[in-house]
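The values are calculated or read from the model by the stated rules, or taken from the named source; none is laboratory data. Keep in mind that this is a model prediction, so the values were computed, not measured.
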Amino acid sequence: MPRKELPRGATLDLPADSSTKAFDLPKPDGLTTTYFLKLELHNAAGKLIRDNFYWLSTKPDVLDWGQAKRPVYTPQKEFADLTGLNSLPKAKVTITQVVSRGWGRLHTHHGRREQERWHSVHDPSAGHPR
(Lines give C-alpha, C1' and ligand atoms only; values in the text may rest on other atoms or scores of the structure.)
Protein backbone atom coordinates (compact mmCIF):
# COMPACT_ATOMS: atom_id res chain seq x y z
CA MET A 1 0.00 0.00 0.00
CA PRO A 2 1.37 3.43 -0.83
CA ARG A 3 2.08 5.66 2.13
CA LYS A 4 0.35 9.03 2.29
CA GLU A 5 1.09 11.36 5.15
CA LEU A 6 -1.42 14.03 5.96
CA PRO A 7 0.12 16.09 8.74
CA ARG A 8 -2.60 17.88 10.62
CA GLY A 9 -2.52 19.43 14.01
CA ALA A 10 -4.69 21.18 16.53
CA THR A 11 -3.67 22.85 19.76
CA LEU A 12 -6.03 22.06 22.61
CA ASP A 13 -5.96 22.88 26.32
CA LEU A 14 -7.87 20.12 28.12
CA PRO A 15 -8.14 18.95 31.71
CA ALA A 16 -7.00 15.42 32.54
CA ASP A 17 -9.38 12.54 31.73
CA SER A 18 -11.43 14.58 29.30
CA SER A 19 -12.12 14.41 25.60
CA THR A 20 -13.08 16.73 22.80
CA LYS A 21 -13.21 16.63 19.02
CA ALA A 22 -10.08 18.26 17.61
CA PHE A 23 -10.92 18.06 13.89
CA ASP A 24 -12.42 15.81 11.22
CA LEU A 25 -9.95 13.47 9.57
CA PRO A 26 -9.87 13.89 5.80
CA LYS A 27 -10.20 10.84 3.57
CA PRO A 28 -7.47 11.07 0.93
CA ASP A 29 -8.22 10.08 -2.63
CA GLY A 30 -6.88 6.76 -3.88
CA LEU A 31 -7.12 4.78 -0.63
CA THR A 32 -7.24 1.02 -0.86
CA THR A 33 -10.25 -0.60 0.81
CA THR A 34 -8.13 -1.38 3.89
CA TYR A 35 -5.89 1.41 5.12
CA PHE A 36 -3.95 2.41 8.23
CA LEU A 37 -4.16 5.47 10.44
CA LYS A 38 -1.58 6.49 13.05
CA LEU A 39 -2.46 9.26 15.50
CA GLU A 40 0.08 10.92 17.77
CA LEU A 41 -0.47 13.09 20.86
CA HIS A 42 2.35 15.48 21.78
CA ASN A 43 2.60 17.76 24.80
CA ALA A 44 3.34 21.50 24.59
CA ALA A 45 7.10 20.77 24.46
CA GLY A 46 6.62 18.47 21.45
CA LYS A 47 7.28 15.25 23.38
CA LEU A 48 5.30 12.26 22.19
CA ILE A 49 2.81 11.34 24.93
CA ARG A 50 0.72 8.65 23.21
CA ASP A 51 0.29 7.11 19.79
CA ASN A 52 -2.50 4.95 18.44
CA PHE A 53 -2.51 2.81 15.30
CA TYR A 54 -5.72 1.76 13.55
CA TRP A 55 -6.60 -0.37 10.55
CA LEU A 56 -9.69 1.00 8.86
CA SER A 57 -11.85 0.39 5.83
CA THR A 58 -13.43 2.60 3.21
CA LYS A 59 -16.47 0.31 3.67
CA PRO A 60 -17.72 1.08 7.19
CA ASP A 61 -19.49 -1.18 9.66
CA VAL A 62 -23.28 -0.89 9.47
CA LEU A 63 -25.02 -1.24 12.82
CA ASP A 64 -28.51 -2.74 13.20
CA TRP A 65 -30.02 -0.10 15.46
CA GLY A 66 -33.46 -1.76 15.22
CA GLN A 67 -32.07 -4.81 17.07
CA ALA A 68 -30.13 -2.84 19.71
CA LYS A 69 -30.46 -4.03 23.29
CA ARG A 70 -29.84 -1.04 25.50
CA PRO A 71 -27.54 -0.07 27.00
CA VAL A 72 -24.64 -2.19 25.78
CA TYR A 73 -25.31 -4.28 22.66
CA THR A 74 -25.97 -3.28 19.06
CA PRO A 75 -25.55 -6.02 16.44
CA GLN A 76 -24.01 -5.36 13.05
CA LYS A 77 -25.81 -5.73 9.71
CA GLU A 78 -22.58 -5.44 7.69
CA PHE A 79 -18.91 -5.50 8.59
CA ALA A 80 -16.11 -3.26 7.38
CA ASP A 81 -13.99 -4.79 4.61
CA LEU A 82 -10.60 -5.51 6.19
CA THR A 83 -9.68 -8.33 3.81
CA GLY A 84 -6.63 -6.33 2.69
CA LEU A 85 -4.99 -7.38 5.96
CA ASN A 86 -4.83 -10.93 4.60
CA SER A 87 -2.39 -9.92 1.87
CA LEU A 88 0.16 -8.19 4.12
CA PRO A 89 3.62 -9.77 4.14
CA LYS A 90 4.45 -11.97 7.12
CA ALA A 91 6.43 -10.31 9.90
CA LYS A 92 8.91 -11.88 12.28
CA VAL A 93 7.93 -10.90 15.81
CA THR A 94 9.87 -11.82 18.96
CA ILE A 95 8.86 -11.03 22.51
CA THR A 96 10.92 -11.23 25.68
CA GLN A 97 9.75 -10.33 29.14
CA VAL A 98 11.71 -9.45 32.28
CA VAL A 99 9.86 -9.33 35.61
CA SER A 100 11.27 -7.82 38.79
CA ARG A 101 9.85 -6.29 41.96
CA GLY A 102 6.28 -6.57 40.72
CA TRP A 103 6.87 -4.77 37.44
CA GLY A 104 7.48 -6.21 34.02
CA ARG A 105 9.40 -4.92 31.06
CA LEU A 106 8.11 -6.17 27.74
CA HIS A 107 10.30 -5.91 24.63
CA THR A 108 8.77 -6.47 21.23
CA HIS A 109 10.74 -6.51 18.00
CA HIS A 110 9.12 -6.40 14.60
CA GLY A 111 11.28 -5.58 11.65
CA ARG A 112 13.63 -2.75 12.58
CA ARG A 113 11.31 -1.32 15.20
CA GLU A 114 11.68 -2.07 18.90
CA GLN A 115 9.25 -1.12 21.63
CA GLU A 116 9.69 -1.32 25.36
CA ARG A 117 6.82 -0.85 27.78
CA TRP A 118 6.69 -1.10 31.55
CA HIS A 119 3.58 -2.60 33.01
CA SER A 120 2.39 -3.74 36.43
CA VAL A 121 2.64 -7.51 36.69
CA HIS A 122 1.61 -8.35 40.25
CA ASP A 123 2.21 -5.72 42.89
CA PRO A 124 1.88 -2.08 41.85
CA SER A 125 2.83 -0.99 45.39
CA ALA A 126 6.36 -2.29 44.71
CA GLY A 127 7.16 1.03 43.05
CA HIS A 128 8.28 1.90 39.56
CA PRO A 129 11.48 0.12 38.48
CA ARG A 130 14.58 2.26 38.22
Within the stretch 23-47, residues within 17 Å of the chain's Cα centre (by Cα), within 28 Å of Asp61 (Cα to Cα) and not hydroxyl-bearing (Ser, Thr, Tyr) come out as Leu25, Phe36, Leu37, Lys38, Leu39, Glu40, Leu41
Failed condition for Asn52, given (1) within 17 Å of the chain's Cα centre (by Cα); (2) modelled with pLDDT under 60; (3) among the polar types (S, T, N, Q), with all others met?
(2)
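Would you tally the residues in the stretch 76-91 being assigned to a strand (DSSP E or B) and either within 11 Å of Thr32 (Cα to Cα) or of a type in the set (Lys, Arg) (or both)?
Narrowing the stretch 76-91 to residues assigned to a strand (DSSP E or B): 76-78.
Those left that are additionally either within 11 Å of Thr32 (Cα to Cα) or of a type in the set (Lys, Arg) (or both): 77.
Matching residues across the stretch 76-91 total 1.
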